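Here is the structure we will look at, set down as structure tokens.
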Amino acid sequence: MFFLSNNSESMKICIDYIQRYLKNIIISLIIFDKESSNIYKKLKEYKIPKMVFSNWKNRNITCDKICDLCKEYKIDFIFLGFNKLLYGKILNVYKNKIINTHPALLPSFKGVNAIEKAFDSDVRYIGMTTHFIDEYG
């Protein structure tokens with residue numbers, strides 16, 4: 001399952017790659033924080049179930065609803081390209097199975113334009129920062 005917000009272009013590339021080359025991996029669900037996001041519009045026609053959770057006033061309730069939905073869809077791993085913090089039982093139920101990706105190349109290149117900054121520098125290697133999500137970050 002993928003959580004996507006704003007543009008999340010790198011996650012779209014991952015989804016495209018998985019669908020084209022990794023036939024043994026099934027993307028069961030994509031969750032968005034708003035239907036008006038660019039990434040929602042870009043993935044609208046994909047034949048993958050989609051849900052929008054736009055009310056984040058009570059994060060614990062929203063995250064618990066998402067956790068229940070993940071269990072219903074038999075989700076094994078969660079990949080985030082998401083600008084919302086997760087709370088509650090989803091962090092325990094999916095312990096060591098929530099992977100966050102950053103277009104930033106931490107700690108060297110921070111921010112939205114991290115990839116461009118890395119290309120403009122003389123660094124030898126570039127990539128994305130990824131880490132497991134737990135209750136501490």
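Quick note: the coordinates plus some simple rules give every number you see, no bench work behind them. Only a predicted model underlies this, so the values are computations on that prediction, with no experimental measurement involved. Neighbour counts run over all protein chains shown; Cβ positions are idealised from the backbone, glycine included.
Counting DSSP beta bridges with both partners in the stretch 33-137, what percentage is antiparallel, nearest 5?
60
Averaging sequence separations of C-alpha pairs under 8 Å and six or more residues apart, then dividing by the length of the chain, give the relative contact order as a whole percent.
22
Taking the Cβ of each residue in 87, 94 as the centre, tally the other Cβ atoms inside 10 Å and list the residues starting with the fewest.
Arranged by neighbour count, lowest to highest, 87, 94 become 87, 94.
If you plug each phi of the stretch 41-48 into the Karplus form 6.51 cos²θ - 1.76 cosθ + 1.60 with θ = phi - 60°, what whole-Hz ³J(HN,Hα) values come out, in order, with x for Gly and Pro?
Those phi angles translate into 4, 5, 9, 4, 7, 5, 8, 10 Hz.
Can you run phi through the Karplus equation (6.51, -1.76, 1.60; θ = phi - 60°) for the stretch 118-133 and list ³J(HN,Hα) in whole Hz, with x for Gly and Pro?
5, 4, 6, 8, 9, 5, 7, 10, 9, x, 10, 8, 10, 7, 6, 9
Evaluate the distance, in nm, between pseudo-label points positioned 7 Å from the Cα of residue 125 and of residue 23 along their respective Cα→Cβ axes.
Those two pseudo-labels are separated by 3.3 nm.
What's the local net charge at residue 9, with K and R +1, D and E -1, over the other residues with C-beta under 14 Å away?
+1
Taking loop as defined by DSSP and a crowding limit of 14 other beta carbons within 10 Å, which trypsin sites (Lys or Arg not before Pro) in the stretch 48-85 fit?
57, 74
Excluding residue 19 itself, what net charge comes from residues whose Cβ is under 14 Å from its Cβ, given Lys and Arg +1 and Asp and Glu -1?
Summing Lys and Arg as +1 and Asp and Glu as -1 gives +3.
In whole Å, how far is the Cα centre of the stretch 21-61 from that of the stretch 65-110?
The distance from the Cα centre of the stretch 21-61 to that of the stretch 65-110 comes to 13 Å.
Build a GNM of the chain with springs between Cα atoms under 10 Å: which of 37, 121, 54 gets the top mean-square fluctuation?
Residue with maximal mean-square fluctuation among 37, 121, 54: 121.
By how many degrees, 0 to 90 and rounded to 10, does the Cα axis of helix 9-21 deviate from the longest principal axis of the chain?
Computed tilt is about 80 degrees.
About its Cα centre, what dipole magnitude does the stretch 1-76 give when the only charges are +1 on Lys and Arg Cβ and -1 on Asp and Glu Cβ, stated in debye to the nearest 20?
140
Which net charge results for the neighbourhood of residue 110, defined as the other residues with beta-carbon distances under 13 angstrom from its beta-carbon, given Lys and Arg at +1 and Asp and Glu at -1?
So the environment of residue 110 carries a net charge of 0.
What are the residues whose amide H is under 5 Å from the amide H of residue 129, where those residues sit 5 or more places off or on another chain and H is modelled from the backbone?
When sequence neighbours closer than 5 places are left aside, the close amide H contacts are 102, 104, 106.
Hey, got a sec? Which GluC sites (Glu not before Pro) in the stretch 1-87 land in a DSSP loop and have at most 10 other Cβ atoms within 10 Å?
Passing sites in the stretch 1-87 are 45.
Can you give the convex hull volume of the alpha carbon atoms of the chain per residue, in Å³?
124
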